[in-house]
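Working notes, structure below.
The values are calculated or read from the model by the stated rules, or taken from the named source; none is laboratory data. Just so it is clear, the structure is predicted and the values come from calculations on it, not from any experiment. The accessibility values were calculated without ligands, DNA or RNA, using every heavy atom of the protein model including side chains. Shrake-Rupley method; radii C 1.70, N 1.55, O 1.52, S 1.80 Å.
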Amino acid sequence: MNRIEPKSLPAVPRWPALVVAGLGVSGMLGWVLGLPQLVTLLPGGSPMVFNTALGQLVTGLSLVALLRGFGRTARTGAAIVLALGVLTFVQFPFGINWGIDQLFWTQQLDLPMSTPGRMAPNTAVAFILCGIALLLSVGSRRHHRVVGILMAVVLAAALLGMTGYSMGLRGALSWGRFTGMALPNAAGFLLTS
C-alpha cells in the first residue's frame, strides 16, 4: 500500500481540508446550477471560476490524502493543482489562450471577468505554490522549511484577499486589469495554509 509513516506527518485536523474541498464543490455547483451566490458569495465580488473550484476540490482532497497517509493520491492531486496553476498563469504574460479556461465548464453566468472562465493570476500563483508544497510534503519532512515559506506566501495572498473584501479595497484583490481573487478562493487558501 502507498502509506506514509505516521511519524512523518504533523498532528493536523482534517476539517480544514474538507472545508476547502467543500468550497470547491460549492463553486462547481454554483456554475452547474446557475447560482451566482455560490460563485461569488458577495454581490459584486469576483467569481470563483469552475477551474478554480476544481482546483480547490483537488487541493482539499490531496490534503486529506496526505493526512491519511495516501502519498500516491496526494502526489497525483498535487501535480494536478500545480499543472492547473502553471498552465493558467503562463497565459497572462504571454497573452495567449490555450482553451483551458473553459475546458471543463463553459461560463454561462454573466459575471465580470477579464477573460471568461480564467482564474485570477494571484489565484494561479497560489495554486502553483500549494501544488509544490504538497509535492514536497509527501513522504518526508525534509523540506518542511521550504513548505513553510511557500505556505506563508499563500497565507499572505489569502489574507490580502480577505482584507480587500472586508475593507472594500479592490486593488488588494487583483493584479492590474485582471480579475481579482474570489472570496471563496481567499477563504480556501487561508484554510490550506
_Heavy-atom accessible area ranking, 1.4 Å probe, most first, across I96, I149, I80_ = I149, I80, I96
*Any chance you could look up the accessible area of V20 with a 1.4 Å probe, heavy atoms only, rounded to 10 Å²?*
0
